[in-house]
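Peer 1: Before anything else, here's the structure in question.
The values are calculated or read from the model by the stated rules, or taken from the named source; none is laboratory data. Just so we're clear, the structure is a prediction, and the values are computed from it rather than from any experiment. Positions of Cβ are backbone-derived with ideal geometry, glycine not excepted, and every protein chain shown enters the neighbour counts.
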Amino acid sequence: MKKLLHESAAFLAASFVAGSVLSLAGELQMAALSGGDFTVADESALAYSLPGPGLDQAQRQLFANGREEFHQRWAVLLAIGGKWGRGPTSNGEICIDCHINNGRGHAPESEREALASMIVRLSIPGENEHGGPLGHPNYGDQLQNQGELGRVPAEGDAAIAWQDREETFADGSTIDLRKPLLSFSGLAFGAIGPEVMTSVRIAPPVFGTGLLDAIAESELLAVARRQKQLGFNGRPNYVWDEEKQTAAVGRFGWKANQPSLKQQDASAFLNDMGVTTSLFERENCPEIQVACRKRPMGLVPEQSDRAFDALLFYTRALGVPARRNIDDPMALRGEQLFGKAQCAVCHVPEMKTGEYPPLPALGYQIIRPYTDLLLHDMGEGLADGRPDFLAGPRDWRTPPLWGIGLGKKVNGNASLLHDGRARSLTEAILWHGGEAERSRKAFRTMSTADRAALLAFLDSL
């Protein structure tokens, strides 16, 4: 514990030195202020982990406390080596293991490699009482590949193999694309069944999520109306808000199936680590999993409100790295091509946050996330066949592009798209279909120089 506190204090001191580089918006051109006043000028492996500038002393301490919770290892009940409360079944034991340096997870290179920062969503035909996916009767809505040794069996294992195909550009050059082939083994509670719908997901980045949470619903609906005038069909996903007990616009998750950052964080605690909060107090134990259901319970909830609120503040207050190379002619040319190819219709360059009582400093900011937080039909190539509230089998939320050029430096990998199939921005673009087919075709038919310019623009974000 002393070591953890020492490391946290050292990080806090370093992070506020780095964050203070951008304490005044005027120090950088407006185009570089990806997160508005919550932009940080850092290009290191810490770029996704720094607090937004301007926090007061009490908020800085709360941020540090939340960081400790994000780096807290959870252990099974009555075990040593971590905070008690993990399980009975789970996929991991610490937030940062999946959200590497607060960035995205990675896909395995072969079926021999474990799904270290990926999960497999499951559902069967039908809807639950709130209109969401209907979980598998034996395995719930997420396969838990870890249990408690000698007491609670893991649900089973999943593996990914890759199927390759070659794509040819108009200039004759080629590139290999891959898509995942999912398989299961060691299933403890019977076959998955032919009717099951599956979806493999890598962990998404967590930086900038407070700003996305602060975007007003009216702003998203206005974007959707503008898109329809251009022949696009961006739609909000209306999902169940557990705290408010009503339907609300979804904005987090690969299919925008979570309405708020608070519910996103609490859901990750429950589904990924088996840790309960006051928002979700019941463990994941389907009827058939007798050992899971009989396992003695610890504290309810296992994560106290005080600790959870600190972690929630941490994720809210994370800053966004500044855009770089904004005067580079090649990147500027790429920005023009990005707009001409209609990429910016869905990856909206500029949004405005509204009133945000949880952290008022995030309110009324001009931000540049390059997302609309809306659902779009991305074609059969990216379809997972699994609906999620109003999101259909081919629908995905437009992911933010801010900070994407630093991904490999921060994450140590370049896994992109919901299942990590894309190993580069080029591959990610070429998987676009459906509403984005025009943009994919425009990119595929560009000259070599124009493709390089567009990629230079994306790398500057």
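Peer 1: Within region 391-424, how many residues are touching a Gly at 6+ places or on another chain (Cβ under 8 Å), at pLDDT 95 or above and in a loop (DSSP other than H, G, I, E, B)?
Peer 2: 7
Peer 1: Here is a further query. How many residues, within region 294-328, are part of a loop (DSSP other than H, G, I, E, B) and in contact with a Gly (Cβ under 6 Å, 6 or more places away or on another chain)?
Peer 2: So the count comes out to 3.
Peer 1: Select, from Ala341, Ala361, the only residue that is small (Gly, Ala, Ser), over 21 Å from the mean Cα position of the chain (by Cα) and closer than 18 Å to Val40 by Cα.
Peer 2: From the options Ala341, Ala361, the qualifying one is Ala361.
Peer 1: Test of understanding: among Gly208, Gly234, which residue is on the phi > 0 side of the Ramachandran plot and among the small types (Gly, Ala, Ser)?
Peer 2: Gly208
Peer 1: Answer yes or no as to whether Ala331 is assigned to a helix (DSSP H, G or I), aliphatic (A, V, I, L, M), touching a residue at least 12 places away in the same chain (Cβ under 8 Å) and surrounded by 19 or more Cβ atoms within 10 Å (Cβ to Cβ). Show your work before the answer.
Peer 2: Values: assigned to a helix (DSSP H, G or I): yes; aliphatic (A, V, I, L, M): yes; touching a residue at least 12 places away in the same chain (Cβ under 8 Å): yes; surrounded by 19 or more Cβ atoms within 10 Å (Cβ to Cβ): yes.
Here the answer is yes, as Ala331 does meet what is asked.
Peer 1: Can you find a residue in region 313-322 that is under 12 Å from Phe457 (Cβ atoms) and buried (at least 19 other Cβ atoms within 10 Å of the Cβ)?
Peer 2: No, region 313-322 has no match at all.
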